[in-house]
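Taking it in order: structure first as structure tokens, then the write-up.
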Amino acid sequence: MTDYREKAVRCVKDTVLPLQKKMFQECGCDLDAQYQKYGDLEGFFARVIQPGRIYEVGYPQCVCPEVLSGAVRDPAHCECSRQSVLYILETLLPERAVTVETLETVLGGAEKCRFRVTVE
């Protein structure tokens, strides 16, 4: 069985995470401010649903290199994306409890990948 957490960390720790950290720090370590300022980047979107608590994040299309190459077609692989979102937010908000729920994915038949984030 694939360890999607480990795979997700390897995928984003030296790429997406440093970018997200930089944006987060530029916005005063305020996730609401970050998502309002950077919520519509190419290849990524983020929306504040309930300030300080609930967010929707995702990708307008699948961005996974393994999927784009055709090597992976199983929707279970989208757990890797969920884990990457979780890892990034747990890193940015180490003192908070974060949960990430998969709402829809391209591999699952949707037009985009969407995740609901809850911060306690």
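The values are calculated or read from the model by the stated rules, or taken from the named source; none is laboratory data. Quick caveat, the model's predicted, so the values are computed rather than measured. Neighbour counts are summed over all protein chains in view; Cβ atoms, including those assigned to glycine, are modelled from backbone coordinates with ideal geometry. Note: accessible area is taken over every heavy atom of the protein model, side chains too, but ligands, DNA and RNA are not part of it. Shrake-Rupley method; radii C 1.70, N 1.55, O 1.52, S 1.80 Å.
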key: Accessible area per residue in Å² at 1.4 Å probe, computed on the chain   = 57 Å²
request  = Divide by every residue of the chain the summed helix terms, -39500 (n - 2.57) for each DSSP H run of at least 4, and state the resulting mean residue ellipticity at 222 nm, rounded to the nearest 500 deg cm²/dmol.
outcome  = -11000 deg cm²/dmol
message = Rolling a 1.4 angstrom probe over the protein chains, ignoring ligands and nucleic acids, what is the accessible area of Glu101 in square angstrom, nearest 10?
response = 100 Å²
request  = Give, in nm to one decimal, the length gained when the segment between Gln61 and Arg47 is fully stretched (0.36 nm per residue of separation minus the Cα-Cα distance).
outcome  = 3.4 nm
key: Accessible surface of Asp74 - all protein chains present, 1.4 Å probe, nearest 10 Å²   = 90 Å²
query = Once label points are set 7 Å from the Cα along Cα→Cβ at both Ile54 and Ser69, what is their separation, rounded to one decimal in nm?
reply = 3.9 nm
Probe 1.4 Å - accessible area at Lys112, Å² to nearest ten = 80 Å²
